[in-house]
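Structure record follows, encoded as structure tokens.
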Amino acid sequence: MYNFISWFLESHFMMRKLCFLILIFVWLNLVNSSVDGCTITKGYAVHMLTSITYDNVMVHCKSKDDDLGVHILNFTTLEYSWTFCENWLESTLYSCHFWRASSIDEQTFQVFNRTMAKTCYQGFHDANTCHWGIKQDGFYLFDNYARVWAKQYDWNHGRKSSQKPINEFALVYP
């Protein structure tokens, strides 16, 4: 009987320690979340800003799990943004299709992926935002480390999107 009591007390003590450690882990992740609801993974935002005010720019973004619908950017709505939590495998991917109302210009590319996450990451406690600029001559991504806008894509004039970035650096927006 003594062995059973001894075993029970030891296992009870170990269980209490384990529960305490789990509680500490959960609390630390809640304190460190940067986007509402992101307790264990990093939170990110994608922010788009257009300087094309004379034409409607349609944007349709989606991931494997979320279809964000079509949004119209124009002289009354220059910006569009959303927030999300990166998945456990750090393989979250958002793609957007852009097209202009009065022309055949269009483009489709990834606005967030593992590589861009490194450019957009500003620390676990900060707002990790991918800033995209939409201009007459193409699409620009803001590099949070170099503090510059870098051209990534041209508009496709009625052609299928190439998905190959241009990577011209040190271009200032707007």
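Some notes on this structure:
- Within the range 54-102, the residues that satisfy the criterion of being among the hydrophobic types (A, V, I, L, M, F, W, C), loosely packed, with under 14 Cβ neighbours inside 10 Å and farther than 25 Å from Gln136 by Cβ are Trp88, Leu89.
- Within the range 53-77, being of a type in the set (Asp, Glu) and in a strand (DSSP E or B) holds for one residue alone: Asp67.
- Number of residues in the range 78-92 that are in a loop (DSSP other than H, G, I, E, B) and at pLDDT 90 or above: the value is 2.
- Figure legend. Inter-residue proximity from the range 52-67: first residues at negative phi and assigned by TED's automatic domain parsing to the domain that holds Asn87, second residues part of a loop (DSSP other than H, G, I, E, B) and among the β-branched types (Val, Ile, Thr), beta-carbon distance below 8 Å, spacing 6+ or different chains. Indicated pairs: Ser63/Thr92.
- Test: residue in the range 150-162 that is polar (S, T, N, Q) and at pLDDT below 80: yes
- Considering residues of the range 93-135 that are part of a loop (DSSP other than H, G, I, E, B) and of a type outside the set (Gly, Ala, Ser) only, the residue modelled with the lowest pLDDT: His125
The values are calculated or read from the model by the stated rules, or taken from the named source; none is laboratory data. Note that the structure is a prediction, hence the values are computed from the model and not measured. Because the Cβ atoms are built from the backbone with ideal geometry, glycine has one as well, and the counts that use them run over all protein chains shown.
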